[in-house]
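Everything below concerns the one structure shown next.
The values are calculated or read from the model by the stated rules, or taken from the named source; none is laboratory data. If you're wondering where the values come from, they're calculated on a predicted model, not measured in any experiment. Please note: Cβ atoms are built from the backbone with ideal geometry, for glycine as well, and neighbour counts cover all protein chains shown.
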Amino acid sequence: MIQKIQTLSGYIHEYQKSITQPEEFWGRVAESFHWQQKWDQVVSWDFEKPDVKWFLNGKLNITENIFERHLYTLGDKPAIIWEPNDPSEASITLTYRELYEKTCQFANAMLEQGIQKGDRVIIYMPMVPEAAIAMLACARIGAVHSVVFAGFSANSLADRIIDCQAKAILTSDGNFRGTKTIPVKAVVDEALEKTRTIEKIIVLKRTNIEVTMKEGRDIWWHEAIEGVSTAHQAEVMDSEDLFFILYTSGSTGKPKGVVHSCGGYMVYAEYSFANVFQYSQGDVYWCTADIGWITGHSYIVYGPLLAGATSIMFEGVPTHPHPGRFWEIVDKYKVNQFYTAPTAIRALQAYGLDPVEPYKLDSLKVIGSVGEPINEEAWHWYHDHIGKGKCPIVDTWWQTETGGILISPIAGVTPTKPAFATLPLPGVQLMIVDNEGNELKGNGVEGNLCVKFPWPSMLRTTYGDHERCRQTYFSSFKGLYFTGDGVKRDHDGYYRILGRVDDVINVSGHRMGTAEVENAINEHPKVIESAVVGYPHDIKGQGIYAFAICDLEGRTEASLKEEIKQTVSKIIGPIAKPDQVQIVSGLPKTRSGKIMRRILRKVASKDLNNMGDTSTLLNPDVVEEIIKGAGL
Ligand code: WTA
């Protein structure tokens with residue numbers, strides 16, 4: 001297992017080593033894994049193309065590193081503890097041995113259904129143990145999983161199926177979330193009206209709602225595994241074989257399939273998990289994310305299981321059946337490391353301390369935050385009332401594309417600072433540049449956050465469109481990976497993430513491209529043109545504000561606004577639904593016809609200071625009208 005960093009001087013030493021001798025450093029970390037064949041070169045890279053490879057010609061299977069590597073010592077240890085949505089339903093504990101057997105069995109079942117190495121498999125499932133089993137079984141046979149968050153619409157699901165030409169879908173009849181029962185298979189059926197590649201659908205029975213099953217294509221999960229062997233020899237994967245695809249939003253309309261490969265992702269997932277959270281054997285760890293996001297991949301499933309940890313999976317929502325549910329679960333399982341998102345912290349903070357007070361929370365050692373900048377107020381509330389002043393907060397900065405945490409305190413080892421992600425992990429070589437690409441050296445600087453040297457779990461490409469990967473991440477600043485985030489390095493050398501500098505909005509920790517939302521709005525027949533911006537939102541971090549030019553004939557403003565919101569919900573999913581819609585007669589444009597989003601952002605955030613010179617616009621009058629229309 002990974003040797004954890006234990007002291008501040010240990011961190012400094014390890015960091016130094018990782019940048020002066022990266023090959024030796026990562027080679028040593030990788031030695032602790034089980035390789036079917038050892039690599040013959042640690043890294044080769046070229047950020048211009050981009051072409052990055054780690055542990056070249058190494059052969060492995062990540063599930064052997066989760067199971068076979070641990071079974072002798074940890075076979076009877078809980079790997080996954082599942083807490084259902086409804087607290088009166090029984091929870092489920094799967095030991096490493098049980099999870100291994102279920103993974104192998106489902107791997108065999110998939111093979112029997114004709115799913116093979118290299119096939120793309122969509123996982124569209126609720127937060128149940130089978131979702132993790134589905135991912136692990138894909139990894140076992142070398143099928144490429146692409147998990148799609150079960151809150152996405154049929155349309156979003158179809159886009160992803162088409163983009164990766166998926167052959168199979170693993171899904172469920174329905175999904176319990178809070179007081180709701182949500183149809184899942186029905187959404188899959190709707191998506192399939194638009195797609196042509198799906199040959200198999202395996203459906204888990206979870207809610208017992210009525211579903212239609214198509215003869216020959218659809219099969220129940222329990223039938224697929226009936227009588228199937230629980231023994232399976234792991235597929236041999238090359239270190240650089242495609243491991244999984246995860247779609248994420250960017251500044252253009254279409255979500256892109258971020259591609260991760262086998263070897264580097266594995267090494268970095270365990271390394272970062274073990275160090276950041278300082279997991280010790282016997283600890284119980286809980287990350288509240290959904291497996292549909294990268295956090296669920298790296299820090300519910302792969303990182304913790306590689307480290308032989310006990311990882312809790314929670315099906316429900318933080319406020320059901322009461323707003324103390326998170327804290328109740330922490331006490332129930334004596335959780336030691338708890339990892340959640342600022343939006344959840346702020347939402348729970350809004351209920352006051354009554355829901356927190358009945359719980360001891362004394363098992364907690366480390367509490368974490370991910371997905372968006374955590375404001376100081378939420379940081380202090382989390383620190384004082386959940387961590388009881390004694391748990392370090394690991395504010396972890398990373399991205400779908402980075403595969404693992406790149407900037408974060410190492411719990412109890414390196415210092416924390418409210419609202420700061422603090423310092424890079426070993427192996428992570430950051431650079432801050434101005435808009436022209438000049439490096440901003442020293443401390444007390446602010447600019448664009450880039451990385452200048454590869455790390456093992458970085459994305460390799462965007463599925464089916466390598467040029468898009470190059471353009472998006474490697475062309476803004478020559479020779480650098482550009483994150484899309486603004487950052488400040490303060491006088492002590494600590495990093496504070498300032499948020500996106502591109503047209504991406506971060507709503508409750510979910511990335512939304514403004515163009516993606518605009519495209520959805522424009523689908524409404526009465527909409528002529530629209531512009532979407534983010535604005536500060538107390539709970540969600542950022543809210544979505546849409547300005548739309550519409551043909552109002554036959555509609556009231558109120559009814560049209562509601563229809564626009566519903567259109568977005570239908571096309572992308574409820575998470576993308578605009579919080580505010582303002583109907584306007586025009587949008588502020590430059591003489592070359594470019595929408596001046598800066599002005600719209602000002603209006604949406606009700607801040608009319610420094611509007612800048614609007615007289616050079618094509619249509620300066622429209623600004624006054626928009627300001628009035630916003631009630632300012
Ligand atoms: C933002 C989530 C501030 C950031 C793991 C990044 C953060 C985007 C933090 C990636 C943090 C994530 N502090 N901002 N600790 N963590 N972000 O791909 O803007 O869903 O670029 O990955 O979330 O979102 P993604």
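For the stretch 506-532, give me each residue that is closer than 20 Å to GLY486 by Cβ and assigned to a strand (DSSP E or B). The answer is ASN506, VAL507, HIS510, ARG511, MET512, GLY513, VAL532. Taking the stretch 382-397 as the search range and keeping residues that are within 16 Å of the ligand (Cβ to nearest atom) and not in a strand (DSSP E or B), which one is nearest to PRO426 (Cα to Cα)? Selected residue: PRO392.
Can you tell me which of THR195, THR181, THR212 is out of contact with any helix residue (DSSP H, G or I) (no Cβ under 7 Å at 6 or more places or on another chain), free of Cβ contacts under 8 Å to residues at least 60 places away in the same chain and of a type in the set (Ser, Thr, Tyr)? None of the others qualify; the one that does is THR181.
With respect to the conditions (1) crowded, with 22+ Cβ neighbours inside 10 Å; (2) at pLDDT below 95, ARG160 falls short on a single one, namely (2).
If you go through the stretch 415-431 and keep only what is within 12 Å of TYR495 (Cβ to Cβ) and within 15 Å of the ligand (Cβ to nearest atom), you end up with LYS417, ALA419, PHE420, ALA421, THR422, LEU423, PRO424, LEU425, VAL428, LEU430.
I'd like the full set of residues that are of a type in the set (Lys, Arg) and farther than 19 Å from LYS59 by Cα, limited to the stretch 114-143. If you could, list the steps in order and put the result at the bottom.
Our first condition is that a residue be of a type in the set (Lys, Arg); within the stretch 114-143, this holds for 117, 120, 140.
Of everything in the stretch 114-143, just one residue is of a type in the set (Lys, Arg) and farther than 19 Å from LYS59 by Cα, namely ARG120.
With LYS526, LYS488 as the choices, which residue is basic (Lys, Arg), within 12 Å of the ligand (Cβ to nearest atom) and modelled with pLDDT of 95 or more? Spell out how you get there, then give the answer.
On the way: LYS526 fails: within 12 Å of the ligand (Cβ to nearest atom).
LYS488 is the lone residue from the list that is basic (Lys, Arg), within 12 Å of the ligand (Cβ to nearest atom) and modelled with pLDDT of 95 or more.
ALA411 meets the conditions (1) within 16 Å of the ligand (Cβ to nearest atom); (2) buried (at least 24 other Cβ atoms within 10 Å of the Cβ); (3) among the aliphatic types (A, V, I, L, M); (4) modelled with pLDDT of 95 or more in every case but one. The failed one is (2). Yes or no: VAL366 within 16 Å of the ligand (Cβ to nearest atom), touching a helix residue (DSSP H, G or I) at 6+ places or on another chain (Cβ under 8 Å) and among the β-branched types (Val, Ile, Thr)? Yes; evaluated as a whole, the condition is true for this residue.
For first residues located in the stretch 485-501 and farther than 19 Å from GLN429 by Cβ, partners that are assigned to a strand (DSSP E or B) and within 8 Å of the ligand (Cβ to nearest atom) and lie 6+ apart or on another chain with Cβ distances below 8 Å form the pairs LEU498/ASP485; GLY499/ASP485; GLY499/ASN506; ARG500/GLY484; ARG500/ASP485; ARG500/ASN506; VAL501/GLY484; VAL501/ASP485.
Counting only helices (runs of 4 or more DSSP H) wholly contained in the stretch 296-350, the ones carrying 3 or more residues that are within 20 Å of the chain's Cα centre (by Cα) and not hydroxyl-bearing (Ser, Thr, Tyr) occupy 303-306, 342-349.
When TYR299, TYR271, TYR285 are checked against the criterion of being under 21 Å from ASP395 (Cα atoms) and in contact with a Cys (Cβ under 9 Å, 6 or more places away or on another chain), a single residue qualifies: TYR299. Restricting attention to the stretch 482-493, the residues that are more than 16 Å from SER251 (Cβ to Cβ) and buried (at least 20 other Cβ atoms within 10 Å of the Cβ) total 2.
Among the residues in the stretch 289-297, are any more than 20 Å from ALA131 (Cβ to Cβ) and within 16 Å of the ligand (Cβ to nearest atom)? Scanning the stretch 289-297 turns up no residue that is more than 20 Å from ALA131 (Cβ to Cβ) and within 16 Å of the ligand (Cβ to nearest atom).
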